[in-house]
1. List, in order, the whole-Hz ³J(HN,Hα) value for each residue of the stretch A:10-26 obtained from phi through the Karplus relation with A = 6.51, B = -1.76, C = 1.60 and θ = phi - 60°; use x for Gly and Pro.
2. Pairs A:K77/A:K108; A:K49/A:K108; A:K105/B:K80; A:K52/A:K108: which exceed 21 Å Cα-Cα?
3. Using alpha-carbon positions, what is the distance between the centroids of the stretch B:20-69 and the stretch A:83-113, in Å?
4. For a quick check: sort A:E69, A:E8 by the number of other beta carbons within 10 angstrom, fewest at the front.
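Values in this text are rule-based calculations from the coordinates and carry no lab data. Everything numeric in this text was worked out from a predicted model, so none of it was measured. Positions of Cβ are backbone-derived with ideal geometry, glycine not excepted, and every protein chain shown enters the neighbour counts.
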Amino acid sequence: GNSVTQMEGPVTLSEEAFLTINCTYTATGYPSLFWYVQYPGEGLQLLLKATKADDKGSNKGFEATYRKETTSFHLEKGSVQVSDSAVYFCALKRLGGSEKLVFGKGTKLTVNP
Amino acid sequence: SQTIHQWPATLVQPVGSPLSLECTVEGTSNPNLYWYRQAAGRGLQLLFYSVGIGQISSEVPQNLSASRPQDRQFILSSKKLLLSDSGFYLCAWVKGLAEAFFGQGTRLTVV
């Protein structure tokens, strides 16, 4: 079945450090890939997405490139801020009414001043 | 625009009591609806998934049940809560390959 594997962390960085959170997936066909962010006490919200191979999703300084050859969608940011502290979830969904949205287990990021 | 409402925001219930959490969606029709649970320090666990009225898929056998009495309404229930049912419950809807929209979540504490 479809699945997502992401580094579980927690990840602790200093402000302005470079961030990478790895995400790999297993799926048949061509799923859409997503990164969601969850701030403390809140629901999830979409951070960025990519719908086909070689697409790059970007938002708020975060980027991720859909790599079909390595089945990966790693999240990166060149310079993190304290306000980026949150839990980040990688997810995929295939086209089709009965296809489920599948999440990774989440990676908690803490950025210290 | 599409919105999703989930309530209550917090709930403290004694062991053995019933549970009903409600989720409603506005601004769309025939969405796929999800219930997730997030235990402290853990990832998202998919509990139930629905592609239409009366159609429920259960992902994990447990003490909970779900119902979809209307197209845009998704209810999570339990007849008798257990301590292990404590957690953060999230409702979400998705249409096609579009992004998922999440409710603000319900913090359930079973005491």
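1. x, 10, 10, 10, 8, 3, 6, 6, 8, 10, 9, 10, 7, 9, 10, 9, 10
2. Working: A:K77/A:K108 15 Å; A:K49/A:K108 19 Å; A:K105/B:K80 28 Å; A:K52/A:K108 27 Å.
The pairs that break the limit, which is 21 Å between Cα atoms, are A:K105/B:K80; A:K52/A:K108.
3. Measuring centre to centre over Cα atoms gives 17 Å.
4. Values: A:E69 7, A:E8 14.
In order of increasing Cβ crowding within 10 Å: A:E69, A:E8.
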